[in-house]
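Just so it is clear, none of the values below were taken in a lab; they were calculated from the coordinates. The structure presented is a predicted model; accordingly, all values stated were derived computationally and were not measured. For neighbour counting, all protein chains shown are included, and Cβ atoms are generated from backbone atoms with ideal geometry for every residue, glycine included.
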Ligand code: ARG
């Protein structure tokens, strides 16, 4: 494993040194290097610096250039341009040498984080006895990508699926099962998730109907919550039955979504039941929370309702019951206190932002969230229907996640079958799943997380534009060229001059590691998606401009171009894997 210094970093370093040599008092100034259309890179840092020093920016830029080494092995040309920025071209050889070093490393030259820490990642948190909806899709897809990206950098990630598996509605469900013991019996675990969900739906509807119509049942259901929370064996057994049934359903959805989850990471609201009394005691004793109209509340200066009155975080209701806030406080206390987190992340709908703001602030005041610890909600936007409104069925219910996934796979099947009529039915089914699910994930991950997006299956599986199918085709096409190359192996030839399309592709390949570092640091999977889309686009331009197997420069050029193809394929594959998207060898 060898990390590779990107050309951007090398150029930046040289400019920073030259700057410091030309203007000693400017040591440490950022040369502000970026990729450019006019040259390979452009540095704008001299403009602001000249302003600060009250000198002429073009002159300053010229002094910096004068400090650069004539025979530098990376820089091919540096010119002062416009009002005083630098246009920088690098050597073809330097590009190919860098790429060769990346290709020689199975991590493509991506370094591990310098100081990896422990991140507790709270994501994919559906609710027991309920259908999963598009919000749960977002949390699952975004969370899983962030998990893989952080792990790839060497961070220790502890996964927590904080599922909704506790609360008053379980009194009703359990009491119904007590009175109708055969209701949830099922034949075998191998049964489909849909059947499990259907049974849960029936249970939910039947118990709800009784709860609303029968006062006696209502009272018994309420007593049942108390017995459940105090650990009564019969209640717990039936509760487990409901949770297990839900897990059959969840697992079926995760399988379909092609997301790996482990049973042990499902640590839901119920897991903190035994801590809640202590959490409240500590909060009250320290004065962080106060009793207000019987409820245990935490107040904030800057959180007020529309009436101007402060809106508290309610930790314990006046009837003694604990809510969502209490379990989240117990969880954050556990994550820093017991699990050793440096950072806790919550991949949760933006509409819960106020809740997390108050939970984090409370945890800080209580000392559970240490000063150097970071807590952050990775808030995601709403999934919209084509009408631009939150995605609902015509009946106004939230859309079932399974139905959406099935639809995407169905559309993908048509696309795959049309493109490759020679595939067997089995192959079509496998590819359709990889293309359809990849399309759903990519559409989600390629928009910046906080934004809303429209769920449009036709657009998602389109071969044109910024879609995963486009990336998957680029990958499959490269693999097919590599197969056709037969005897000729990809090999870098730094001595060969490069065409513009080769340089553009090469420089972009060299940016993979730097891009990933930024993506991991700021939790921005959409920037990885954008990088990959750009990579596929640059590859297409390269392929159009530069014949590979029939390269006119002879066998070395063929090998060199095959090398570019191969590194592009590996980079695409690695990047897409980090987004949870498959790259079939043929499409
Ligand atoms: N179960 C909740 C929902 O479906 C999400 C839980 C988010 N995580 C948390 N720690 N509160 O909206």
* Please sort 430-440, 223-233, 400-410, 570-580 by packing, taking for each peptide the average over its residues of neighbouring beta carbons within 10 angstrom, highest first. => 430-440, 570-580, 400-410, 223-233
* On average, how much area does the Cα convex hull of the chain cover when viewed from any direction, in nm²? -> 33.7
* Asked: How much length is gained if the chain between residue 277 and residue 263 is pulled fully straight, taking 0.36 nm per residue apart and subtracting their Cα-Cα distance, in nm to one decimal?
  -> 2.4 nm
* Asked: Add -39500 (n - 2.57) for each DSSP H run of 4 or more in the chain, then divide by its residues: what number comes out at 222 nm, to the nearest 500 deg cm²/dmol?
  -> -17000 deg cm²/dmol
* Asked: Of the beta bridges DSSP finds with both residues in the chain, what % are antiparallel, to the nearest 5?
  -> 55
* Expressed as an acute angle from 0 to 90° and rounded to the nearest 10, what is the orientation of the C-alpha long axis of helix 425-445 relative to the principal long axis of the chain? -> 90
* Gyration tensor verdict on the stretch 136-214 (Cα atoms; rounded if a/c is under 1.5, prolate if a/b is larger than b/c, oblate otherwise) -> prolate
* **Which of 131, 106, 487 has the fewest Cβ neighbours within 10 Å, and the rest in rising order** => 487, 106, 131
* Listing 236, 369 from the residue with the fewest other Cβ atoms within 10 Å to the one with the most, what is the order? -> 236, 369
* Order of 165, 566 from fewest to most other C-beta atoms within 10 Å? -> 566, 165
* Hey, what's the Cα Rg ratio for the stretch 311-409 versus the globular rule of thumb, 2.2 N^0.38 Å? -> 1.40
* Grab the beta carbon distance between residue 25 and residue 527, set R0 = 45 Å, and tell me the FRET efficiency rounded to 0.05. => 0.80
* **With Cα atoms, 0 to 90° folded angle of helix 276-285 axis to the chain main axis** => 80
* Asked: Residue separation times 0.36 nm, minus the C-alpha to C-alpha distance between residue 534 and residue 517: what's the value?
  -> 4.4 nm
* Answer rounded, prolate or oblate for the stretch 122-175, using the Cα gyration tensor with square roots of eigenvalues a ≥ b ≥ c: rounded when a/c is under 1.5, else prolate when a/b is larger than b/c, else oblate. => oblate
* Asked: Could you give the distance between the Cα centres of the stretch 511-587 and the stretch 291-306, to the whole Å?
  -> 53
* To do: Run the quick spin-label model on residue 418 and residue 452: label points 7 Å from Cα toward the beta carbon, then report their separation in nm to one decimal.
  => 3.0
* Asked: Does anyone have the angle between helix 324-337 and the longest principal axis of the chain? Alpha-carbon axes, 0 to 90°, nearest 10?
  -> 50
* Structure fact -> Under the rule rounded for a/c under 1.5, else prolate if a/b exceeds b/c, else oblate, using alpha carbon gyration tensor axes a ≥ b ≥ c, the stretch 342-491 is classed as oblate
* Can you tell me how much longer the chain between residue 577 and residue 179 gets when fully stretched, taken as 0.36 nm per residue apart minus their C-alpha distance, in nm with one decimal? => 138.4 nm
